[in-house]
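The values are calculated or read from the model by the stated rules, or taken from the named source; none is laboratory data. Small disclaimer: the values here were computed from a predicted structure and weren't measured. Cβ sites come from the backbone with ideal geometry, for glycine too, and all protein chains shown count toward neighbours. All accessible areas refer to the heavy atoms of the entire protein, side chains included, with ligands and DNA or RNA removed. Shrake-Rupley method; radii C 1.70, N 1.55, O 1.52, S 1.80 Å.
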Amino acid sequence: MKKLPISNSVFREIIEGNHCYVDKTKYIKMLHDYPCKYLSLTRPRRFGKSLFLDTLRAAYAGEEELFKGLYLEKEWDFSKKHPIINIDLGSGSVFTIEDLYKRFIEILDRNAKNYNIELENITSIGQFEELIIKLNQKTGLKVVVLVDEYDKPILDNISKPVAEDMREGLASFYSVLKSANQYLEFVFLTGVSKFSKTSIFSKLNNIQDLTLKKEFGDICGYTQFDLENVFHDYLVDVDLQKVKDWYNGYNFLASDIYNPYDILLFLYDKEYKFYWFNTGTPTFLLNLIKEKKYYLPDFNKIELSEAQLEEFDINHIQLEVLLLQSGYLTIKKSYRKRNVTKFILQIPNKEVKMALTEYLGRHFFIPGDDNLIKKNQLSDSLYDGLYEKDPEMIKNGFTSFFESIPSDWYRKNNIAHYEGYYHSLFYVAFTSLGEKVIAEDSNRKGVVDLTVITDVSIFIFEFKMKTNPVNALEQIKMKEYYKKYLNEQKDIFLLGVEFDEEIQNISKFEWEKVDI
């Protein structure tokens with residue numbers, strides 16, 4: 001069987017000359033019939049937003065031949081060929097407000113030339129309104145405006161003072177959509193971040209956000225049904241459960257879904273890699289985690305209210321919201337309590353969990369130019385210790401790692417002086433191996449700090465600082481944290497680890513094997 005070519009038409013993935021349909025066109029009809037004509041949608045990068053916008057463009061342009069055999073073929077009036085303005089801010093980056101205005105003028109000029117229209121205004125805002133009016137007058141039909149990556153100029157500069165200028169520049173530009181309302185048929189904006197209406201959309205207050213509307217939860221991405229039926233011929237000898245563990249798990253209040261970028265590349269080379277993650281991790285995200293001294297195991301127990309999700313703005317960046325919008329977290333479930341909607345967030349899948357923790361391990365915990373070497377040495381020791389069932393190898397791996405960190409780094413880096421640093425490092429180190437790691441693993445008597453489960457063994461950790469009088473190993477035994485795993489038919493090890501801030505290393509490492 002030939003490999004899957006990575007190429008797209010308007011809304012179909014092309015496989016060996018045959019069309020594989022992941023038909024999302026029913027959502028075009030739903031958008032068209034929606035009570036509001038100003039709509040926005042946010043999804044993480046590489047989630048098919050641009051492809052869906054191209055589908056919208058084809059429908060409103062009346063390109064009927066592209067919809068043969070799809071839902072929309074019999075649900076759309078293709079005789080109306082609306083004029084369309086495409087604004088794509090996804091390519092390249094702008095770092096000054098002057099560059100932003102130049103980018104808008106270039107985009108508007110390109111759109112005007114598509115319809116043989118001459119623009120007379122010299123400002124981007126003036127040209128935008130002029131183009132909308134002239135398109136309406138020339139065609140006799142109302143105009144469709146499609147904006148891709150509407151927020152990218154802000155995200156590219158979010159940790160810089162110029163971000164506020166970008167916000168104001170975008171808000172002023174998009175305000176034309178309100179003043180030109182009578183000439184517009186439909187407006188759709190996509191992006192990554194769900195900025196609040198009081199910021200980027202302060203002058204476009206009639207926009208409806210569909211990001212967390214359940215009926216649009218599957219508008220982008222592939223469901224399990226899509227994978228198993230549309231790509232059936234390319235799943236021969238593929239372990240579907242393993243694919244699901246690695247790449248499924250995103251949820252926007254509807255089905256669990258796959259990132260299309262992951263699936264297409266996996267089907268191309270049939271290797272489990274960090275396809276999506278390796279397309280880029282913003283440095284400001286790393287800096288924000290450092291700044292907030294974030295306790296990384298907390299990634300598994302985040303709960304936010306709907307109001308908190310709405311608060312995102314450049315002057316009030318909540319790390320958990322940013323992680324959700326960027327695709328490093330997703331919605332596990334939602335519920336209502338005291339008339340308030342709450343969302344429980346989690347890391348979506350094995351790819352993101354392994355890649356994120358490995359990335360943070362290299363750039364967050366391990367200083368120096370040789371950090372990758374140190375990380376690999378630690379990983380080898382931990383992996384061998386887990387699978388050879390030898391806690392001493394784990395002890396030696398961490399002890400050697402802490403010993404290799406220059407003392408000067410501790411003096412310059414406040415993060416190494418809080419207790420969660422040590423806990424987080426253990427969590428990152430084991431999770432990046434791809435093993436099942438449970439932070440704050442609970443039973444009826446309490447909560448243990450960390451449990452690592454492999455195919456052959458279970459390691460249960462309790463961490464203490466030297467100043468804590470409670471013995472870590474004795475606490476595990478007293479609270480009987482191990483009993484819930486006695487039926488697993490695996491060797492169980494109990495490990496009490498004590499850290500000493502003065503020596504910046506492990507001061508006590510005790511362990512016992514459970515006698516089953």
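Taking segment 475-496 as the range and being closer than 25 Å to residue 400 by Cα, out of contact with any Ser or Thr (no Cβ under 9 Å at 6 or more places or on another chain) and either in contact (Cβ under 8 Å) with a residue 60 or more places away in the chain or of a type in the set (Asp, Glu) (or both) as the test, only 495 passes.
Against the condition closer than 14 Å to residue 347 by Cα, among the polar types (S, T, N, Q) and either open to solvent by 50 Å² or more (accessible area, probe 1.4 Å) or at pLDDT 75 or above (or both), how does residue 287 come out, does it pass? So residue 287 fails the test. Within segment 165-186, residues that are over 20 Å from residue 138 (Cβ atoms) reach partners that are assigned to a strand (DSSP E or B) and open to solvent by 10 Å² or more (accessible area, probe 1.4 Å) with beta carbons closer than 9 Å, at six or more positions or on different chains, in the pairs 167/313.
Give the residues of segment 486-496 that are out of contact with any Lys or Arg (no Cβ under 7 Å at 6 or more places or on another chain) and either open to solvent by 20 Å² or more (accessible area, probe 1.4 Å) or modelled with pLDDT under 95 (or both), sorted by residue number. Passing the criteria: 486, 487, 488, 489, 490. One residue stands out among those in segment 222-258 that are of a type outside the set (A, V, I, L, M, F, W, C), part of a loop (DSSP other than H, G, I, E, B) and at pLDDT 95 or above: the one that is surrounded by the fewest Cβ atoms within 10 Å (Cβ to Cβ), which is 239.
Is it the case that segment 390-410 has a residue that's β-branched (Val, Ile, Thr), surrounded by fewer than 17 Cβ atoms within 10 Å (Cβ to Cβ), modelled with pLDDT of 85 or more and part of a helix (DSSP H, G or I)? For segment 390-410, residues β-branched (Val, Ile, Thr), surrounded by fewer than 17 Cβ atoms within 10 Å (Cβ to Cβ), modelled with pLDDT of 85 or more and part of a helix (DSSP H, G or I): present.
Of all residues in segment 449-467, those that are surrounded by 21 or more Cβ atoms within 10 Å (Cβ to Cβ) and within 29 Å of the chain's Cα centre (by Cα) total 4. State which residue is least open to solvent (accessible area, probe 1.4 Å) when the search covers only segment 376-389 and only residues that are more than 30 Å from the chain's Cα centre (by Cα) and without any contact (Cβ under 8 Å) to a residue 12 or more places away in the chain. It comes out as 384.
Please enumerate the residues belonging to segment 259-270 that are surrounded by fewer than 21 Cβ atoms within 10 Å (Cβ to Cβ), touching a Leu at 6+ places or on another chain (Cβ under 9 Å) and without any contact (Cβ under 8 Å) to a residue 60 or more places away in the chain. The answer is none; no residue qualifies. Residues in segment 318-329 that are buried (at least 19 other Cβ atoms within 10 Å of the Cβ) and in contact with a helix residue (DSSP H, G or I) (Cβ under 7 Å, 6 or more places away or on another chain): 321, 322, 328, 329.
Only one entry of 292, 301 meets the criterion of being surrounded by fewer than 16 Cβ atoms within 10 Å (Cβ to Cβ), in contact with a helix residue (DSSP H, G or I) (Cβ under 7 Å, 6 or more places away or on another chain) and either modelled with pLDDT of 90 or more or not aliphatic (A, V, I, L, M) (or both), and that entry is 292. Taken over segment 100-123, the criterion of being surrounded by 13 or more Cβ atoms within 10 Å (Cβ to Cβ) and among the acidic types (Asp, Glu) is satisfied by 109 alone.
Each residue in segment 125-147 was checked for being open to solvent by 10 Å² or more (accessible area, probe 1.4 Å) and either touching a residue at least 60 places away in the same chain (Cβ under 8 Å) or under 20 Å from residue 178 (Cβ atoms) (or both), and 11 pass.
Restricting attention to segment 1-58 and to residues that are modelled with pLDDT under 85 and hydroxyl-bearing (Ser, Thr, Tyr), the residue that is most open to solvent (accessible area, probe 1.4 Å) turns out to be 21. With on the phi > 0 side of the Ramachandran plot, more than 22 Å from the chain's Cα centre (by Cα) and at pLDDT 95 or above as the only criterion, which of 140, 126 stands out? Matching residue, one of 140, 126: 140.
Among the numbered conditions (1) at pLDDT below 95; (2) outside any loop (DSSP other than H, G, I, E, B); (3) out of contact with any Ser or Thr (no Cβ under 6 Å at 6 or more places or on another chain); (4) small (Gly, Ala, Ser), tell me where residue 92 comes up short. Every condition holds for residue 92 apart from (2). Name every residue in segment 292-326 that is touching a Lys or Arg at 6+ places or on another chain (Cβ under 7 Å) and under 17 Å from residue 254 (Cα atoms), in order of residue number. Across segment 292-326, the qualifying residue is only 325.
Taking the criterion of being closer than 18 Å to residue 135 by Cβ, in contact with a Lys or Arg (Cβ under 7 Å, 6 or more places away or on another chain) and buried (at least 18 other Cβ atoms within 10 Å of the Cβ), the residues of segment 59-92 that qualify are 82, 84.
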